[in-house]
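All of the numbers you see were taken from the coordinates with simple rules; none came from a lab. Quick caveat: nothing in here was measured; it's all calculated off a predicted structure. Here the Cβ positions follow ideal geometry from the backbone for every residue, glycine too, while neighbour counts run over all protein chains shown.
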Amino acid sequence: MNHILPLVLPVFGLIGLGWVVARLGILSESTSIGVSDFVATLAIPALIFRMLSQGDTPATIPWAYWSAYFLGVAAVWALAMIMARRVFNANTSEAVIYGFSAGQSNTVMLGIPLIMMVFGEPGALPMFLLIAVHLPIIMLAAAVLLSRAGPDGGGRRLMVTLRALATNPIILAIVLGAIVRVTHLPLPGLATAVIDQLATAAAPVTLVALGMALARYGLRGNLGPTAAVTVLKMIVHPLIVWFLAFHVFDMSPTFAAVAVTFAALPSGINGYLVAVRYRSGEALASNAISMTTLASVVSMTFWLWFIGAGAS
């Protein structure tokens, strides 16, 4: 455990710094939104592009790795929806938000910085193999379920979601980085220098931006449902993925450890954005972000110790 704390404390220290400066009003809400936009539009896409364009490519398609992770997502998503309908009397759209909050992880704003700090270069390939498919799969699943649950116009909203995915800077960075990697297309020196500068800023600025976002969302009631979703997200999800990655599917220990780490991440901001877009379950989604991130200070430390991450 002692070798894990020096790795995770700076991560949560930067998140805490962002929360403090936002809560004290040192930086305004408009600044918080601007920093988050900078991270999502420039810094993180630059980091993803650089690492995908320069990194290794797998010799085979990592079906076992993806299966272990996404079977865990499907399991907790289904459990959360069943619980929402039968225990908390949620309607169908709200149940989808419950499932989304329990199943999707904060892979970009917390996952990338954390895995870079804990696993270093060996974690880069499994990290981006999952990030490359995580956002499209999770968002498409949510859009399809919500369009089926909603009234007339659900198909139109599904098309809006598809268009948003097609123009998402992170998706574009994944596609362009893969193209450069496969084609070995050389980049101009100026472009490389700019991308490197943005990528260097990505990890610390992203963590501070996450803390500022948490201060903005806060807790909004529905603490019982939020606690249930938190247990599913922070305990059940990584437990399922750990069992599948280490005891069912065949993959390298690093891939298995990264899969569990991704599953143990708290709920991401996309859950709240989807809830707002579909006007359903906003309070639950906001609470899930805050409560799972707070719980992750302890749970992430445990899971990283449990799987032996960062051990020398």
Residue 31 and residue 187 label points (each 7 Å along its Cα→Cβ direction) are spaced in nm at 3.0 nm
Footprinting proxy, 28, 280: sorted fewest to most Cβ within 10 Å, the residues are 28, 280
For 94, 121, ascending order of other Cβ atoms within 10 Å (fewest first) is 121, 94
Final fewest-first order of 174, 82 on the 10 Å Cβ neighbour count is 82, 174
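Taking only DSSP H segments of four or more residues, each worth -39500 (n - 2.57), what value at 222 nm results for the chain once the sum is divided by all its residues, to the nearest 500 deg cm²/dmol?
Using -39500 (n - 2.57) per qualifying helix, the result is -24500 deg cm²/dmol.
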Under the rule rounded for a/c under 1.5, else prolate if a/b exceeds b/c, else oblate, using alpha carbon gyration tensor axes a ≥ b ≥ c, the chain is classed as rounded
Checked against the positive end of the charge dipole of the range 5-306 (+1 on Cβ of Lys and Arg, -1 on Cβ of Asp and Glu, about the Cα centre), the farthest of 45, 34, 83 is 83
